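One structure is given below, encoded as structure tokens.
The values are calculated or read from the model by the stated rules, or taken from the named source; none is laboratory data. Note that the structure is a prediction, hence the values are computed from the model and not measured. No Cβ is skipped: glycine too gets one built from the backbone with ideal geometry, and neighbour counts run over all protein chains shown. The area values use the complete protein model at the heavy-atom level, side chains included, leaving out ligands, DNA and RNA. Shrake-Rupley method; radii C 1.70, N 1.55, O 1.52, S 1.80 Å.
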Amino acid sequence: MNYGIIGTGAIGGYYGARLAQSGQEVHFLLHRDYDYVCEHGLQIDSCNGSFHLDKPNVYRQTSDMPPCDVVLVCLKTTNNHLLPTLLPPLLHECTLVVLIQNGVGVEADVQQLFPGVQLAAGLAFICSAKTEPGRVSHQCYGQINLANYSCRDDGLMQLVAAHFNAAGVKAGLVEYNEARWKKAVWNMPFNGMTVALNTRTDLLLGHPATRQLIREQMMEVVGAARSLGVENIGEDFVELMLQMTDEMTPYSPSMKLDFDFHRPMEIHYLYELPIELARQAGFAMPRLQMLMQELTFLDSGGRK
């Protein structure tokens, strides 16, 4: 079984390299650092043990890559308009595409682009950054949950989870809607608040006022999920997320890095769509609505 990685950044680089290190056949799509990785390989600096891939299978374009059994899409959702060009060369009849992306509603839109393709969500709980060409810095955590969206083969889902676990990445199979909304409990407050207040996760939780606001935002996500019929998500999960964030390395989430490097922010799937879905179900998210409006202003050029 072989894997294709679309988006060899902080997430795709780490998970793809772990799979390759464990003996899986992995093919990496690279952009800016293709020449560097060809010459120097791919370095993973990890809290779970650093390693180097001397000669990874790397490509400039997917048309040069072989069809893959599993494709991990690790692009930012702001680049999903590229998928109609990037994905087709990698697909065969039974390919599973795993969208390791932020937000709610991603799979539904990608399924419209590829009606017959098997999709799954990949929910990554990881602190990782691509710090320079050919180098990924994995700071803490690393677990990935896999949620079936339209995969016709449960055995394939189980096999992918087994490959991750064999590679030293804790992986499990979870229910799709619950998984997406549980990830949103962390993503919606912390991604946007680190941008709006120009800060880090530890500083947000270290001040009583912002800690309380983060908690209230998390509870809005819980309320939205419940209004949409998602069970097994409540105040205890919020407390768990706060505890995990207290224990993690001081961290700038992906949206903060996008903002700092003047890249488009993932506002649609992280804020607009979940807030609208909740509204349609009769649940308002006023704190996160305000945060979304602030982010939209900043994303449109309203920054210093």
Note to self: Given the options THR249, THR296, name the one that is modelled with pLDDT under 95 and β-branched (Val, Ile, Thr).
What the structure shows: THR249
Check: What is the residue count in the stretch 76-93 for residues that are more than 17 Å from VAL26 (Cα to Cα) and open to solvent by 20 Å² or more (accessible area, probe 1.4 Å)?
Finding: 9
Notebook entry, point to check: How many of the residues in the stretch 126-174 are in contact (Cβ under 8 Å) with a residue 40 or more places away in the chain, more than 16 Å from GLY13 (Cα to Cα) and either hydroxyl-bearing (Ser, Thr, Tyr) or open to solvent by 70 Å² or more (accessible area, probe 1.4 Å) (or both)?
Noted result: 5
Margin query: Return the residues of the stretch 33-63 that are charged (D, E, K, R), in contact (Cβ under 8 Å) with a residue 12 or more places away in the chain and open to solvent by 20 Å² or more (accessible area, probe 1.4 Å); say none if nothing qualifies.
Written below: ASP45, ASP54, LYS55, ARG60
Note to self: On the basis of being open to solvent by 10 Å² or more (accessible area, probe 1.4 Å), modelled with pLDDT under 95 and hydroxyl-bearing (Ser, Thr, Tyr), does SER22 make the cut?
What the structure shows: no
Note to self: Can you confirm whether SER227 is modelled with pLDDT of 95 or more, of a type in the set (Ser, Thr, Tyr) and open to solvent by 30 Å² or more (accessible area, probe 1.4 Å)?
What the structure shows: yes
Notebook entry, point to check: If only one of CYS38, CYS74, CYS68 is more than 29 Å from PHE190 (Cα to Cα) and in contact with a Gly (Cβ under 7 Å, 6 or more places away or on another chain), which one is it?
Noted result: CYS68
Notebook entry, point to check: Got a sec? Which of THR245, THR199, THR194 is without any contact (Cβ under 8 Å) to a residue 40 or more places away in the chain and within 23 Å of ILE126 (Cβ to Cβ)?
Noted result: THR199
Next item on the list: Give the residues of the stretch 268-304 that are open to solvent by less than 50 Å² (accessible area, probe 1.4 Å), under 25 Å from ALA108 (Cα atoms) and either of a type in the set (Gly, Ala, Ser) or assigned to a helix (DSSP H, G or I) (or both), sorted by residue number.
Entry: TYR269, LEU270, TYR271, LEU273, PRO274, ILE275, ALA278, ALA281, LEU288, LEU291, MET292, LEU295
